[in-house]
1. Here is a list of conditions, (1) within 29 Å of Trp175 (Cβ to Cβ); (2) of a type outside the set (Gly, Ala, Ser); (3) open to solvent by 40 Å² or more (accessible area, probe 1.4 Å), and Asn11 meets all of them except one; can you say which number that is?
2. Scan the stretch 130-139 for residues that are more than 16 Å from the chain's Cα centre (by Cα) and not acidic (Asp, Glu) and jot them down.
3. Can you say whether Gln142 is free of Cβ contacts under 8 Å to residues at least 60 places away in the same chain, touching a Gly at 6+ places or on another chain (Cβ under 8 Å), surrounded by fewer than 19 Cβ atoms within 10 Å (Cβ to Cβ) and not charged (D, E, K, R), as far as the supplied structure shows?
4. Among the candidates Ala35, Ala46, Ala61, which residue alone is touching a residue at least 24 places away in the same chain (Cβ under 8 Å) and under 9 Å from the mean Cα position of the chain (by Cα)?
Amino acid sequence: NELLEYNMTTNIQAAGFTWGGVLYWDDIRTIDYLATRPEVDIKRVACTGLSVGGWRTNFLAGLDARIKAACVAGYMTSFHEVVPWFCKYSIPAGNVPGLFNYLDYPDVGSLMMPGALMVVHGQRDDLFNPDGVKAAFQNLAQCYQAIGKPERFTTYTFDGPHQFPAHAQQLMVEWFDRWV
């Protein structure tokens, strides 16, 4: 499985694109499609995802200003802290070459400011180093504080593994109702 992903990543990058780029392109095209639908108020779009869906949510919210609120579940960390785990527990094919020379992963999420961001994380999630999660939370809180909108960032942690429990989903719905 790891060899397959390595080969896929190598071939994709040799062709001049990245797997992350393909996913982000698809996600942005999805928002384009939603904008064509008469029942969608494009000024009131939010997104969420768990695990790789959280990773995608972070990038979509950072890359597309039409996202007014986001909830990243189970995938928020400082990559400076997670690098030893990255190849085993993450998705190397989704790495954006060179990005982390300039930005850390929570910095990508901060690009959605002043939009509202909620992060959900299980305290027993063994995919992410607790120091990396704490660093990401601090980074994002400082970013929102710097623009004078600390109320637009929140976290919800729970005593559990890598999941998005029903109570956290209810909090997310309330968060979206507040900001979108």
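1. The single condition Asn11 does not satisfy is (1).
2. Pro130
3. no
4. Ala61
Every residue, every condition in (1) surrounded by fewer than 17 Cβ atoms within 10 Å (Cβ to Cβ); (2) modelled with pLDDT under 95; (3) within 25 Å of Gly148 (Cα to Cα), yes or no:
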residue: Asp27; (1), (2), (3): no, no, no
residue: Ile42; (1), (2), (3): yes, no, no
residue: Val52; (1), (2), (3): yes, yes, no
residue: Tyr89; (1), (2), (3): yes, yes, no
residue: Pro97; (1), (2), (3): yes, yes, no
residue: Gln123; (1), (2), (3): yes, no, no
residue: Phe128; (1), (2), (3): no, yes, no
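The values are calculated or read from the model by the stated rules, or taken from the named source; none is laboratory data. Being a predicted model, the structure only gives us computed values, none of them experimental. Backbone-built Cβ (ideal geometry, glycine too); neighbour counts: all protein chains shown. Accessible surface areas use protein heavy atoms only, side chains included; no ligands, DNA or RNA. Shrake-Rupley method; radii C 1.70, N 1.55, O 1.52, S 1.80 Å.
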